[in-house]
Amino acid sequence: MRWRARKTLRCVLSWNSTATNPRFRSLSVTGTFPWCVKNGTALTDGVVEVKFKPISGKEDQAGGLVWRWKDGDNYYVARANALENNVSLYYTQNGRRNTIKYVDAPVAKNQWHTLRVEFMAKRIQVSLDGKLYIEVDDDRIVGLGAVGVWSKADSVTAFDDFRYGEATAK
């Protein structure tokens, strides 16, 4: 298996990857805080990006990214939510999700969006559809970690074209 997924009673995960295109293809998730991380990834500084489409959900319609993922209880999350029309940045430590920043942003339901996170040392930049919405310094989760996708609650979200890489000097 190339991806590792959170196992919860409420979590439904499915994905498709082919031998000719081993890159992440698509994923639909629902659950409390479902995540799916790419096995074998270990980045300290880098970039992670995904296209996502919020399809439905009464409580949430969110799509997000995780990085510096140590385990299911310790990682960063950036997410965009179509019901709230915002982009948010969190850290999850010892299983507890904590807010770093919320910013209003247009997130249309049933449309594809691109969420991108660049992280270098303490600096974190979160962009949606090519526009920078969050730029902060935070050092609560440091060192190597995996990367992947994330969602929330009753969100039904499609993901596609997942990309990641090491940071390059600017």
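Every number here is computed from the coordinates shown, using simple stated rules; none is lab data. In this text the structure is predicted, and so the values were computed from the model without any measurement. Here Cβ is always computed from backbone atoms with ideal geometry, including for glycine, and neighbour counts include all displayed protein chains.
Below are the figures for this structure:
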item	result
Per-peptide average of other Cβ atoms within 10 Å, ordering 109-121, 140-152 highest first	140-152, 109-121
Karplus-derived HN-Hα couplings along segment 55-71 (A = 6.51, B = -1.76, C = 1.60, θ = phi - 60°), whole Hz, x at Gly and Pro	9, 7, x, 8, 8, 8, 9, 10, x, x, 10, 10, 8, 6, 6, 8, 6
Net length gained if the chain between Asn85 and Asp73 were fully extended (0.36 nm per residue, minus Cα distance)	1.7 nm
Distant-in-sequence amide H partners of Ser56 (H built 1.01 Å from N, under 5 Å)	Val156
Sites Lys131 and Gln93, calculated FRET efficiency, Cβ-Cβ separation with R0 30 Å, nearest 0.05	0.60
Pairwise Cα inverse-distance average, inverted: Kirkwood Rh of segment 42-146 (Å)	13.7
Label-to-label distance, nm, for residues given as Lys58 and Asn39 (7 Å Cα→Cβ offset)	3.7
